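Below is one structure; the comments refer to it alone.
Derivation of every value follows stated rules applied to the coordinates shown; laboratory data play no part. These numbers come from a predicted model, not from an experiment. No Cβ is skipped: glycine too gets one built from the backbone with ideal geometry, and neighbour counts run over all protein chains shown.
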Amino acid sequence: MRLENKVAIVTGGGSGFGEAIAKRFAEEGAKLVVNDIADAGGQRVTGEIERAHGQGAAIYVHGDVSKNVDMAALAKAALDRFGRIDIMVNNAGTTHKNGPMLDVPEEMFDRVFAVNVKSIYLSALHMVPPMRKQGSGVIINTASTAGLRARGGLTWYCASKGAAVMATKSMAHELAPNNIRVNALCPVAGETPLLPMFMGGDTPEIRARFLSSIPMGRFAQPRDVANAALYLASDEADFITGVAFEVDGGRCI
């Protein structure tokens, strides 16, 4: 049980990568705080974790990660229920539809940066102090291969994930003396609800074009990302900080 007695928060935990991460962590003994803005998904995942691992194995906390008050409430809920925060997974994310960069409305640009970048700042405000107090912690930011290798059509999304990668590295440097490790996951496009937006549609032809850029010939599966997150969260990665961990079937080669 690699995460026994650990408490983990996973934002965007009601579907996709976040759901897989939350369930994988629970399999390894962690207590989960599942966050989402969509209550149906978040409550479903929380219930499934409790049915699999016992009453009290998880709680659900509704919240918009781009809002300070909601992130503060998320930290408070975790501390009130479990008494500590060992692992913070900033997984919630969004994108604009694949297309010309000048066609992205300002409101969508603002939302992409609020969810993908500002959320990391807000998380740090509320999660780092209790981690410092307890003398340890792990922060994992879900970035993207788009933050390392750009795709035309996803310009502002790429920019937001590039910011997430650099924030991760700088946070890792600053927080290392506090025994807080910070790493980023960089998945390639995966089988999640956002996939049609990334691709600009979902047809066999569009899928074939995207798959042709992945040497291993398939999209990321949620379990792929969950297993990578588990490693980074575990004591096995005790000397790993500041990395942008590519989970991409060779996309970034």
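Step through the residues of the stretch 228-234 one at a time and calculate ³J(HN,Hα) from phi using the Karplus curve (6.51 cos²θ - 1.76 cosθ + 1.60, θ = phi - 60°), rounding each to whole Hz and writing x for Gly and Pro.
Rounded to whole hertz, the list is 5, 4, 4, 4, 5, 7, 7.
How much mean residue ellipticity at 222 nm does the chain get from its helices, if each DSSP H run of length 4 or more adds -39500 (n - 2.57) and you divide by all residues, to the nearest 500 deg cm²/dmol?
Roughly -14000 deg cm²/dmol at 222 nm, from the helical runs in the chain.
Hey, fewest Cβ within 10 Å first, where do ASP70, ASP202 land in order?
Placing the least packed residue first, the sequence is ASP202, ASP70.
Output needed: percent of Cα pairs per 5 Å distance bin for the chain, bins running from 0 to the one holding the longest distance.
In whole percents, the pair-distance histogram is 1, 7, 14, 19, 21, 17, 11, 6, 3, 1, 0.
What ratio of Cα Rg to 2.2 N^0.38 Å holds for the stretch 136-250?
1.12
Please give the peptides 79-91, 35-47 ranked by average Cβ packing (other Cβ atoms within 10 Å per residue), highest first, as a rough proxy for protection.
79-91, 35-47
So for each of 120-126, 132-138 I average, over its residues, the number of other beta carbons within 10 Å; can you give me the resulting order with the highest mean first?
Put in order of decreasing packing, that is 120-126, 132-138.
About the Cα centre of the stretch 1-101, how large is the charge dipole given +1 on each Lys and Arg Cβ and -1 on each Asp and Glu Cβ? Please answer in debye to the nearest 20.
Taking the Cα centre of the stretch 1-101 as origin, the dipole is about 100 debye.
Counting only Cα atoms, I'd like the Rg/Rh figure for the stretch 1-54, Kirkwood definition for Rh.
Expressed as Rg/Rh, it is 0.94.
Rank the residues MET127, MET108 as a footprinting-exposure proxy: fewest other Cβ atoms within 10 Å of their Cβ go first.
With the fewest neighbours first, MET127, MET108 line up as MET108, MET127.
Using the 10 angstrom Cβ neighbour count as an exposure proxy, how do LYS6, LYS76, LYS169 rank, fewest first?
LYS76, LYS169, LYS6
Could you list which residues have their amide H under 5 Å from that of ILE139, counting only those 5 or more apart in sequence or on another chain, with H placed in the peptide plane?
Excluding prolines and chain starts, which carry no amide H, the hits are MET88, ARG181, VAL182, ASN183.
Give, in whole angstrom and from largest to smallest, the semi-axes √(5λ) of the equivalent ellipsoid of the stretch 141-196, with λ running over the eigenvalues of the Cα gyration tensor.
The answer is 25, 12, 7 Å, longest axis first.
Any idea what the dipole of the chain comes to, in debye rounded to 20, about its Cα centre with Lys/Arg Cβ at +1 and Asp/Glu Cβ at -1?
Taking the Cα centre of the chain as origin, the dipole is about 260 debye.
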